[in-house]
Amino acid sequence: MNPDIQSLKGKTIVLGITGSIAAVRCIELARELRRHGACVHAVMTHAASKIIHPEAMLYATGNRVITEITGNVEHVEFCGIKGKASILLIAPCSANTIGKIAHGIDDTTVTTFASTAFSSTIPVMIVPAMHESMYNNPMVIENIGKLNELGVEFVDPVIEEGAAKIAGKNDILLRVERALGKKTLSGKRILITGGATAEALDPIRILTNRASGKTGVELALEAFRRGADVTLVHRGRTGIQGICEFYVESARDMTETVIEELGNVYDLLISAAAISDFTITQAKSKIRSDRAVTLTLEPAPKLIKLAHFKYPELRIIGFKAETGIPEDELIKRAQYSKDASDLAMVVANDVSKGGMGTEDNDVYIIDEEVKHICGPKRLIAIKIMDKVEKIFR
């Protein structure tokens with residue numbers, strides 16, 4: 001993990017594990033939390049110890065596993081007032097434990113930790129995992145609602161194969177990052193476009209470009225981590241909990257969707273998508289491949305221009321892709337685009353050197369100054385969001 005992306009560095013996470021078969025997923029979860037800088041301490045119920053051995057969690061966390069409350073009053077040490085824990089993450093959490101916590105029943109290690117956390121300022125996050133019929137039980141639903149009202153955050157399960165399966169480790173990680181972050185963009189609504197659009201040539205073929213959409217996704221994730229209300233419009237589906245997504249195909253789809261959605265009042269538009277510059281009228285049937293074909297391309301609508309016209313007070317960040325030009329010329333063209341379209345910021349790069357469809361990129365972030373960033377797209381998203389924070393100060 002890049003040292004600049006240690007999002008949980010200095011955080012202590014108490015991982016409560018209950019008697020769900022999903023407890024076997026906790027090794028991967030604990031390791032992922034540690035990769036992002038967290039110090040993880042596992043607390044296991046007796047039922048959980050029957051599913052996964054405490055020694056496995058000792059390996060995963062690197063810390064002694066708490067399987068009982070002793071004279072060391074571990075629950076107070078971690079979750080009491082001024083305790084060590086940054087958050088109590090109960091994952092997986094069974095229907096039984098949800099019910100006990102909701103009704104103040106304190107008869108396992110995990111419920112003791114939860115009871116203690118409620119009387120301190122330590123946040124509690126619950127990740128349910130159980131059979132679907134149990135998850136749909138009106139009493140379980142009522143208990144979840146009660147805990148929500150008390151400030152407990154839930155990470156929704158994945159409903160499939162008749163089970164309410166534990167959320168993926170990346171979804172859990174993201175929610176923990178958001179819960180423990182500085183929430184510097186809390187209350188801000190940000191709409192982000194990402195990836196390539198596709199123009200249909202006929203019912204089978206499309207005209208598109210090499211953009212993967214990774215930058216748009218990383219920007220959405222980073223804005224979400226910092227507390228923003230995020231909408232992502234792209235030709236993809238991530239299924240990320242907490243982020244609103246719109247799937248679009250063509251440049252016209254992208255433009256119309258964004259312009260309509262901006263009517264719901266946003267603070268910022270980040271136009272990171274590689275929107276097609278040209279569109280074409282789709283042939284009604286497959287174009288024959290045994291002869292030369294002439295295609296007539298028409299200019300596609302310009303999203304930034306339309307957004308600025310309809311919402312003149314909206315802050316907009318644009319992206320500028322060029323090929324085969326010197327650095328000073330790239331910056332010059334980006335600055336011209338910034339001034340011509342009255343943008344808050346422009347992110348520019350020479351895609352002939354990479355960036356489209358890759359994990360890394362080499363960009364220039366241009367606002368009142370020029371900042372050169374080279375590295376993973378997540379790191380670039382972090383640096384862009386650092387700049388976004390300054391926009392709202």
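Just so it is clear, none of the values below were taken in a lab; they were calculated from the coordinates. Everything numeric here is computed off the predicted structure, so don't read it as measured data. Positions of Cβ are backbone-derived with ideal geometry, glycine not excepted, and every protein chain shown enters the neighbour counts.
Extension gain for GLU68 to LYS146 (0.36 nm times residue separation, less C-alpha to C-alpha distance): 25.4 nm. Altogether, the Stokes-Einstein calculation at 20 °C and 1.002 mPa s, with the Kirkwood radius of the chain over Cα pairs as Rh, returns a diffusion coefficient of 92 µm²/s. Averaging 1/r over every pair of different alpha carbons in segment 279-364 and inverting the result gives a Kirkwood radius of 15.9 Å. Listed here are the pairs LYS9/LYS183; LYS169/LYS371; LYS332/LYS387; LYS214/LYS353; which of them are more than 26 Å apart at the Cα? Exceeds cut-off: LYS169/LYS371. The GluC sites (Glu not before Pro) of segment 72-169 that meet both conditions, a loop assignment by DSSP and at most 10 other Cβ atoms within 10 Å of the site Cβ, are GLU161.
Put simply, the amide H of LEU207, placed in the peptide plane, has neighbours under 5 Å in GLU199, ALA200, LEU201, leaving out anything fewer than 5 places away on its chain. Is the shape of segment 138-180 rounded, prolate or oblate, going by the alpha carbon gyration tensor and its root eigenvalues a ≥ b ≥ c, with a/c under 1.5 for rounded and a/b larger than b/c for prolate? It is oblate, given that a/c is not under 1.5 and a/b is not larger than b/c. Only helical runs count toward this figure. For the chain, summing -39,500 (n - 2.57) over DSSP H runs of n ≥ 4 and dividing by all residues gives -10000 deg cm²/dmol at 222 nm.
From the square roots a ≥ b ≥ c of the eigenvalues of the alpha-carbon gyration tensor of segment 189-391, which class results: rounded (a/c under 1.5), prolate (a/b over b/c), or oblate? Prolate shape, in that a/c is at least 1.5 and a/b is the bigger ratio. Applying 1/(1 + (r/R0)^6) with R0 = 25 Å to the Cβ-Cβ distance of GLU369 and LEU314, what FRET efficiency is obtained, to the nearest 0.05? With R0 = 25 Å, the Cβ-Cβ based efficiency is 0.65.
For segment 3-180, the mean projected area of the C-alpha convex hull, equal to one quarter of the hull surface, is 9.4 nm².
For GLU249, the residues whose modelled amide H falls within less than 5 Å of its own, excluding neighbours fewer than 5 places apart on the same chain, are MET254. Panel order for THR61, THR215, THR184, by other beta carbons found within 10 Å of each beta carbon, from fewest to most: THR184, THR61, THR215.
In whole Hz and in residue order, list the ³J(HN,Hα) couplings for segment 238-250 that follow from phi through the Karplus curve 6.51 cos²θ - 1.76 cosθ + 1.60, θ = phi - 60°; x for Gly and Pro. Taking θ as phi minus 60°, the curve returns 9, x, 5, 4, x, 10, 6, 10, 10, 8, 9, 10, 8 Hz for segment 238-250.
In percent, rounded to a whole number, the relative contact order of segment 110-194 is 29, using alpha-carbon pairs under 8 Å and six or more apart. Separation of segment 1-67 and segment 130-148 by C-alpha centroid, Å? Spelled out, the Cα-based centre of one part sits 25 Å from the other. With both labels modelled 7 Å from their Cα along Cα-to-Cβ, the LYS9 to ARG237 distance reads 3.8 nm.
Scalar couplings 3J(HN,Hα) for segment 201-210, obtained by applying the Karplus form with A = 6.51, B = -1.76, C = 1.60 to θ = phi - 60°, are 7, 8, x, 10, 9, 10, 10, 9, 9, 7 Hz; x denotes Gly and Pro. Taking amide H as placed 1.01 Å from N in the peptide plane, the amide H of ASN361 sits under 5 Å from that of GLY375, LYS377, each at least 5 places away or on another chain.
Do any trypsin sites (Lys or Arg not before Pro) in segment 185-227 lie in a DSSP loop with no more than 15 other beta carbon atoms within 10 Å, and if so, which?
ARG205, ARG210
When only Cα pairs below 8 angstrom with a gap of at least 6 residues are kept, the chain shows a relative contact order of 11 percent. Stretching the chain fully between ASN264 and ARG291 yields a gain of 4.9 nm (0.36 nm per residue, less the alpha carbon separation). In order along segment 296-302, the Karplus-derived 3J(HN,Hα) couplings, from 6.51 cos²θ - 1.76 cosθ + 1.60 at θ = phi - 60°, round to 9, 9, 10, x, 7, x, 9 Hz, and Gly and Pro are given as x. Under the combined filter of DSSP loop state and at most 12 neighbouring Cβ atoms within 10 Å, segment 76-140 retains these trypsin sites (Lys or Arg not before Pro): LYS82. With neighbour counts taken as other beta-carbon atoms within 10 Å, the residues LEU269, LEU174, LEU262 rank, fewest first, as LEU262, LEU174, LEU269.
Here the residues GLU177, GLU298, ranked from fewest to most Cβ neighbours within 10 Å of their Cβ, fall in the order GLU298, GLU177.
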